[in-house]
Amino acid sequence: MGDSPVLDVEGGRAAGLATLWVSRGMDWPAKLTPPDRTVRDVVAAVHVLRGEDPGR
């Protein structure tokens, strides 16, 4: 799990990857392009990664 929006999410995007941010209740920095998906916790991230995303 990363801790830097610029290095982790922006870096993933620059590498051509889809991005997913586990927010843990924090807001995404307004000056940055948002990730493809945002979830609140790791459990929700696992559901997204497994294709079991009820919130979509």
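Figures for the structure shown
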item	result
Qualifying residues in region 44-56 (those that are open to solvent by less than 40 Å² (accessible area, probe 1.4 Å) and touching a residue at least 24 places away in the same chain (Cβ under 8 Å)) - the one nearest to residue 8 (Cα to Cα)	45
Count - residues of region 1-43 that are open to solvent by less than 40 Å² (accessible area, probe 1.4 Å), over 22 Å from residue 53 (Cα atoms) and part of a loop (DSSP other than H, G, I, E, B)	2
Number of positions in region 13-33 that are in contact (Cβ under 8 Å) with a residue 12 or more places away in the chain and of a type outside the set (Phe, Trp, Tyr)	11
Residue in region 45-52 that is among the β-branched types (Val, Ile, Thr), at pLDDT 90 or above, assigned to a loop (DSSP other than H, G, I, E, B) and on the phi < 0 side of the Ramachandran plot present	no
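The values are calculated or read from the model by the stated rules, or taken from the named source; none is laboratory data. Since we're looking at a predicted model, the values are computed, not measured. So basically every Cβ, Gly included, is an ideal-geometry build from the backbone, and we count neighbours across all protein chains shown. Surface areas here come from the heavy atoms of the whole protein model, side chains and all, with no ligands, DNA or RNA. Shrake-Rupley method; radii C 1.70, N 1.55, O 1.52, S 1.80 Å.
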